[in-house]
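As structure tokens, the structure follows; a few thoughts come after it.
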Amino acid sequence: MDGASQGAAQAEVAAMIERARNEPQNFAVQMDMGQMYAKIGRFDKAAEFYRKGLAINPNTNPVAATTNNY
């Protein structure tokens, strides 16, 4: 990844983190944060956000929710 791409990716991650802070009751945002953290191997943080999402919408199938089928 070149410097420009890396900078854009970091900006996108920062925007997602800010959105999750600003929208703590947004199911999709919390689940997307979980997926982002899972992709980089931060499974502790991924689980934290998956739990937040499932607390918002407890009737969601956890498997479907972690594969963007919500």
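Summary table
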{"item": "Calculated diffusion of the stretch 1-55, Stokes-Einstein form, Kirkwood radius summed over Cα pairs, 37 °C and 0.692 mPa s, µm²/s", "result": "287"}
{"item": "Cβ crowding within 10 Å averaged over residues, with 27-35, 10-18 ranked highest first", "result": "27-35, 10-18"}
{"item": "Inter-label distance, nm, simple model (7 Å from Cα along the C-beta direction), E23/A4", "result": "2.9"}
{"item": "Percent RCO, i.e. relative contact order, over the stretch 1-64, from Cα pairs under 8 Å lying at least 6 residues apart", "result": "25"}
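Throughout, read-outs are computed from the coordinates displayed, never taken from laboratory work. Everything numeric here is computed off the predicted structure, so don't read it as measured data. Heads up, the Cβs are rebuilt from the backbone with ideal geometry, glycines too, and the neighbour counts pull from every protein chain shown.
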